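Inspection log for the structure reproduced underneath, given as structure tokens.
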Amino acid sequence: MNKLKLHGFNNLTKSLSFNIYDVCYAPAEQQQAYIDYIDEAYNADRLTQILKDVADIIGAQILNIAHQDYEPQGASVTMLISEGDVAPTQHMHSQTPGPLPDTVLAHLDKSHITVHTYPESHPDNGISTFRADIDVSTCGRISPLKALNYLIHSFESDIVIMDYKVRGFTRDITGKKHYIDHNITSIQNYIARDTQERYQMIDVNVYQENIFHTKMMLKETELENYLFVKESNLTDLQKDEIEKNLRKEVTEIFYGHNYRRKKIKVAE
């Protein structure tokens, strides 16, 4: 798409919703320890730094930040942002993965970034799930899509669900309305190749409405990566039951559907 010559401000709003799920097995006596670990690993200070990095990647200027840790668990950060003093690079809207920097509420001028966390657990089979929701809404020339690659690498994610929508319109110097100012065919084009190879991915896109939806589920898993307990303390039967419960949890979240299956309770 050729560079548009606009009449006034670019009034398009670009919104990215990024949701991740991390699943773990923590028996009843370890569930509080797991929640404490999650609260420490993803507290308001760390989430604030992640959002600062996101603002830097998309070329936004931070105007205000508000953040809060909650009792008994969870955290939120909100950031108000605006377009930075430096114009976005020519590759801002290219369908390529964004950078990985070396390196909760923030407000942007007419734009914002927010993150909220939701730790929870199954009542009787030891499965615990941590969810983080990040929403990036921008106006003007900057786009949140270049932050996807960094966000995916910032969390340990079994499932990633992303929604991107361009809303409103902007008008060029002839008076013609434009409902999108960049080419996009799939959110997947903004995700690094090594990440794509690790995840099963599906798209549900509504091109005529500028709505794009992508879901990712980790292909290969190792039980030891999901245990908040020593694997050596588990019998082979317990390991098998835990793996089945973990896979059921991940599959149900990915497809958004509860599957009927005989409830498995891990032997004590």
Is it the case that Asp124 is buried (at least 20 other Cβ atoms within 10 Å of the Cβ) and among the acidic types (Asp, Glu)? no
The condition of being among the β-branched types (Val, Ile, Thr), touching a Leu at 6+ places or on another chain (Cβ under 8 Å) and within 25 Å of Asp69 (Cα to Cα) holds, among Ile134, Ile180, only for Ile134
Residues located in the range 8-31, provided they are under 11 Å from His122 (Cα atoms) and assigned to a helix (DSSP H, G or I): Ala28, Gln31
Please verify whether Glu83 is among the charged types (D, E, K, R), modelled with pLDDT under 90, open to solvent by 20 Å² or more (accessible area, probe 1.4 Å) and within 30 Å of Ile242 (Cβ to Cβ), treating the condition exactly as stated. no
Can you tell which of Ile38, Ile57, Ile62, Ile20 is touching a Gly at 6+ places or on another chain (Cβ under 8 Å) and either buried (at least 19 other Cβ atoms within 10 Å of the Cβ) or not charged (D, E, K, R) (or both)? Ile57
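The values are calculated or read from the model by the stated rules, or taken from the named source; none is laboratory data. Small disclaimer: the values here were computed from a predicted structure and weren't measured. Here the Cβ is made from the backbone with ideal geometry for all residues, glycine too, and neighbour counts use every protein chain on show. In case anyone asks, the SASA skips ligands and DNA or RNA and just uses the protein heavy atoms, side chains included. Shrake-Rupley method; radii C 1.70, N 1.55, O 1.52, S 1.80 Å.
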